[in-house]
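J.: Before anything else, here's the structure in question.
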Amino acid sequence: MKVGISVTSAIADSDVREGPRQMIARAKAAAEAGLSALFVGDHHVVPNPYYQNVPMIARMLAEWDQRDLGALFLLPMWHPVLAAEQIATLACLAQGKFIMQCGLGHGEAQFKAMGTKQRTRASAFEQSLELMRALWQGETVSSDGHWQFEGAQVSPLPPENIEVWIGASADIAIERAARMGDAWLASPGMLLDESARQMEVYLAALAKHKRAVPNTIAIRRDVYVAESGQEALNVRQALGSKGYRGFDPDALVIGDADEVAEQFLRYGALGYTDIIVRNLHREYHRAIESTERLSRVVELVT
């Protein structure tokens with residue numbers, strides 16, 4: 001089992017330069033902890049600072065090496081030629097494999113601000129992915145669908161194939177991931193039983209579309225690796241009183257390194273090959289300490 005990280009891009013501070021500094025420090029801590037992959041997310045037109053994926057992952061590359069890295073792109077909100085160009089350039093900067101995580105996105109305000117429509121996001125997603133893959137193959141591409149353009153090409157081309165992980169939680173979206181993706185990225189809010197059921201949905205969809213089971217089946221988890229069992233209990237109790245992203249508390253992975261590794265291995269037993277960690281602690285220094293302790297978790301699960 002491999003353990004990667006998705007570094008939070010939503011950092012509120014009166015000094016807007018502090019957010020990028022913290023993201024860079026988190027990337028460095030993840031590299032030193034031996035994590036297998038580094039990612040950032042994608043979100044638009046939010047009231048609080050959210051540092052954008054392309055410039056941030058490019059800067060964070062300086063703290064990384066040949067291990068996998070990538071970024072999430074909410075494809076219905078991006079012009080496919082622009083997204084294909086940005087990702088191709090990032091792939092050229094990377095020493096190793098670049099992974100495009102992608103999803104539909106949600107929130108009417110986001111779609112309106114980006115000039116797209118939420119109600120057509122599923123068909124826009126599929127069309128965008130098909131167009132981007134053709135562009136990455138060096139084809140000259142035109143479109144009269146959700147986007148209208150003629151004679152588009154991108155240069156430089158990616159030095160190797162861009163791996164596509166499709167994030168999905170609804171059954172119909174999981175089938176799309178099986179049909180179109182190189183890997184499926186399961187959502188962070190599921191309990192273990194639902195994670196098992198969705199794995200069955202994914203495997204059945206792969207069989208339906210006559211596709212082999214991929215080497216990677218990833219799941220995101222919100223995690224805090226505590227120094228001790230008592231600290232883990234304190235953090236869980238504090239989150240329970242405040243709530244956390246609307247998640248069921250049992251969907252959160254909180255414990256010392258041994259306990260976190262045990263929970264990760266439960267997902268491994270279901271067939272998930274990669275855990276993509278998101279630090280759940282809101283305090284920067286506690287998040288860094290949690291990332292550092294992931295080095296012990298990596299030792300236990302690999």
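J.: Specify the residue with the greatest mean-square fluctuation among A109, A205, A37, computed from a Gaussian network of the chain linking alpha-carbon atoms under 10 Å apart.
T.: Looking only at A109, A205, A37, the largest GNM fluctuation is found for A109.
J.: Further question on the same structure: For A186, what residues show an amide H to amide H distance below 5 Å, using hydrogens built from the backbone and excluding near sequence neighbours?
T.: Those lying under 5 Å, H to H, from A186 are A218, I219, R220.
J.: Skipping prolines and chain starts, which residues have an amide H placed within reach, meaning under 5 Å, of the one on Q101, given they are 5 or more residues away or on another chain?
T.: For Q101, the qualifying residues are A71, L72, F73, W165.
J.: Angle check, please: helix 257-270 long axis (alpha carbons) against the longest principal axis of the chain (alpha carbons), in degrees 0 to 90, nearest 10.
T.: Its long axis makes an angle of about 40 degrees.
J.: Once the Cα atoms of helix 18-32 and of the chain are each reduced to a long axis, what angle between those two axes, in degrees from 0 to 90 to the nearest 10, is obtained?
T.: 80
J.: Assuming 1.567 mPa s and 4 °C, estimate D for the range 110-169 with Stokes-Einstein, Rh taken as the Kirkwood radius over Cα pairs, in µm²/s.
T.: 99
J.: A further question follows. The range 252-302: which trypsin sites (Lys or Arg not before Pro) are DSSP loop and have at most 16 other beta-carbon atoms within 10 angstrom?
T.: Qualifying residues, ordered by number: R282.
J.: How many Å³ per residue does the convex hull of the Cα positions in the range 115-271 occupy?
T.: 166
J.: Whole Å is fine, so just give me how far the alpha carbon centre of the range 101-125 lies from that of the range 1-80.
T.: If you average the Cα positions of each part, the centres end up 21 Å apart.
J.: Same structure, new question: Against the longest alpha carbon principal axis of the chain, how many degrees, from 0 to 90 and to the nearest 10, is the axis of helix 284-301 turned?
T.: Roughly 90 degrees, rounded to the nearest 10.
J.: Of the listed values (1) 30; (2) 19; (3) 24, identify the label whose number matches percent of Cα pairs over 34 Å apart calculated from this model.
T.: (2)
J.: How would the range 13-88 be classified by its alpha-carbon gyration tensor: rounded, prolate or oblate, with rounded meaning a/c under 1.5 and the a/b versus b/c comparison settling the rest?
T.: In terms of gyration-tensor shape, oblate.
J.: How much net charge surrounds G243 when only the other residues with a Cβ under 14 Å from the Cβ of G243 are counted, with Lys and Arg +1 and Asp and Glu -1?
T.: Its environment carries a net charge of +1.
J.: Still on this structure: Convert each backbone phi in the range 219-234 into a coupling constant with the Karplus relation 6.51 cos²θ - 1.76 cosθ + 1.60 (shift: θ = phi - 60°), then list the ³J(HN,Hα) values in order as whole Hz, x for Gly and Pro.
T.: Values per residue, Gly and Pro as x: 9, 8, 9, 8, 9, 9, 8, 8, 6, 8, x, 5, 5, 4, 4, 4 Hz.
J.: Further question: Scan the chain and hand back the longest stretch that contains none of the GluC sites (Glu not before Pro) lying in DSSP loops with at most 14 other Cβ atoms within 10 Å.
T.: With a cap of 14 other Cβ atoms within 10 Å, the longest stretch comes to 1-138.
Here, each number is a calculation from the coordinates, and none is a lab measurement. This is a predicted model, so every value here is computed, not measured. Reconstructed Cβ throughout: ideal geometry from the backbone, glycine too, with neighbour counts over all protein chains shown.
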